[in-house]
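**Student:** Once you've had a glance at the structure underneath, I'll fire off some questions.
The values are calculated or read from the model by the stated rules, or taken from the named source; none is laboratory data. Computed from a predicted model, the values in this text were never measured in an experiment. Cβ: placed from backbone, ideal geometry, glycine included. Neighbour counts: every protein chain shown.
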Amino acid sequence: MQLHIFIEEMNNKSNYRVFNEEEASLLLQSANGTPIVMKFSADWKGTSQIMDNILKELSAEYPKNIHFVKIDTEDSEAFANEFGVHRIPTTLIFKDKTMIDHFEGMLPKQEVKEKIEKAMG
């Protein structure tokens with residue numbers, strides 16, 4: 001997928017999406033200062049589903065300021081390993097192509113929001 005087509009598609013879609021490895025890599029390359037919240041999960045895991053709900057709510061609060069990405073670890077195990085993901089869910093926060101924060105498991109919505117605000121600042 002070409003980078004400029006990908007960016008155009010991103011601007012026209014929901015702010016919380018399931019990505020494959022290629023899409024996630026392109027997003028990391030093209031973010032240009034826009035923070036990315038990337039959650040590695042599995043649909044069968046209850047805590048992953050709860051974090052999905054939290055991130056969906058937060059994505060509605062930040063419709064254009066942040067990219068929210070969900071990666072299915074069962075389909076993207078090698079990609080998860082690149083980032084040292086060993087537990088699910090694991091959430092990584094990137095800014096300027098650099099991981100600036102991460103957490104494993106669940107956090108309350110307010111704590112996740114504080115981490116996002118810090119990434120935006």
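**Student:** Mind telling me which of the residues 65, 32 ends up being modelled with pLDDT under 85 and on the phi > 0 side of the Ramachandran plot?
**Tutor:** 32
**Student:** So which residues in the stretch 76-100 are in contact with a helix residue (DSSP H, G or I) (Cβ under 8 Å, 6 or more places away or on another chain) and either under 13 Å from residue 120 (Cα atoms) or part of a loop (DSSP other than H, G, I, E, B) (or both)?
**Tutor:** Listed by number, the residues that qualify are 76, 88, 89, 93, 94, 95, 97, 100.
**Student:** What's the total number of residues in the stretch 17-46 that are surrounded by fewer than 17 Cβ atoms within 10 Å (Cβ to Cβ) and farther than 18 Å from residue 102 by Cα?
**Tutor:** 12
**Student:** Has the stretch 79-99 got any residue that is β-branched (Val, Ile, Thr) and free of Cβ contacts under 8 Å to residues at least 24 places away in the same chain? Lay out the reasoning, then the answer.
**Tutor:** Of all residues in the stretch 79-99, those β-branched (Val, Ile, Thr) come to 85, 88, 90-91, 93, 98.
Going one step further and asking which of them are free of Cβ contacts under 8 Å to residues at least 24 places away in the same chain, we end up with 98.
Taking every residue of the stretch 79-99 in turn, at least one turns out to be β-branched (Val, Ile, Thr) and free of Cβ contacts under 8 Å to residues at least 24 places away in the same chain.
**Student:** Here's another thing I want to ask about it. Please specify each residue of the stretch 56-75 satisfying the condition of being under 13 Å from residue 38 (Cα atoms) and not aliphatic (A, V, I, L, M).
**Tutor:** Across the stretch 56-75, the qualifying residues are 56, 59, 67, 68, 70, 72, 73.
**Student:** Exactly one condition in (1) modelled with pLDDT under 95; (2) crowded, with 20+ Cβ neighbours inside 10 Å; (3) out of contact with any strand residue (DSSP E or B) (no Cβ under 6 Å at 6 or more places or on another chain) is false for residue 112; which is it?
**Tutor:** Here residue 112 meets the rest and fails (1).
**Student:** Scan (1) among the basic types (Lys, Arg); (2) over 14 Å from the mean Cα position of the chain (by Cα); (3) surrounded by 13 or more Cβ atoms within 10 Å (Cβ to Cβ) for the single condition residue 56 breaks and write down its number.
**Tutor:** (2)
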